[in-house]
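Colleague: Can you read through this structure? Questions will come right after.
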Amino acid sequence: VRTISCPSLYISFFTEIGPHPAVLDLYTYGRGLSEARASLLANRGFVVFTVSLYGYDDNPKNMTKIHLEYFEEAIQFLENQLQVCGSGLALSIATFLPGIAATVWINGCNANAMIPLPYKGTALMLDTKRVFATKSGALNNQATLIPIERANGRFLFVAAEDDQHWDSCYFADQAMQQLKRHGKDNYESVFYPGAGHYYMPFCPSGIHGVIGKPVVWGGVPRSHAAAEVNLWRRIQEFFRTNLASNSNLSKAKL
């Protein structure tokens, strides 16, 4: 794996002769830049691009909004690399930006839940007046649901049943029902008992990147570890199936 820097982007590259399928790893609410998942996937034959949003180098110190153009630039950068033959991103990017073949969604939300999401002069905003609590305690934010039915790629929805941050199982179910209502079956899912919100590595609590206060992520150590092992295999299989068509994939072991 080698690291490449460009004006506003940071990439970890798999260097064998390609083409190879590409993955954009989103470390969204974590401060700084994390290469843990990116380096692991790169070692398995993917071109992996991990970007920082805030708290790294010349990024803003705090995050107040997420511009989709930032990720659009990342996608364009990847498409210009000779080693690349596909890409996988997260819900909003898969919905609003073209060319996304596969998305792994891990303990996320199917609505814009925290900060403005501007793109080309418009923005998906959080409307607190239209947010209500469900029986499970999860906040339902119908006003800003991401219209994932517009996406053409496939989704793998991953949810932890001991997620203490928010009800990711509810959000995953809601996203799948949303796709089903529009006659789409471009998704699969996996739910993990005893797993917490924070994936790789296990972290039962920590400082939230947006609100800046301690939060509980949840998870039972043994169950969470087993979930991570299983999910690591599932992620590779999902990307290989949906991105790797006719590409060479490394047999390297880590």
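The values are calculated or read from the model by the stated rules, or taken from the named source; none is laboratory data. Bear in mind that the values here come from a model prediction, so they are computed numbers and not experimental data. The accessibility values were calculated without ligands, DNA or RNA, using every heavy atom of the protein model including side chains. Shrake-Rupley method; radii C 1.70, N 1.55, O 1.52, S 1.80 Å.
Colleague: To the nearest 10 square angstrom, what accessible area does Val216 show with a 1.4 Å probe?
Modeller: Rounded to the nearest 10, the figure is 90 Å².
Colleague: How much length would be gained if the chain were fully extended between Gln76 and Glu228, taking 0.36 nm per residue of separation minus their Cα-Cα distance, in nm to one decimal?
Modeller: Extra length available between Gln76 and Glu228 comes to 51.7 nm.
Colleague: Using 0.36 nm per residue of separation minus the Cα-Cα distance, give me the extension gain between Asp173 and Ser205 in nm, one decimal.
Modeller: Difference between extended and current length: 9.1 nm.
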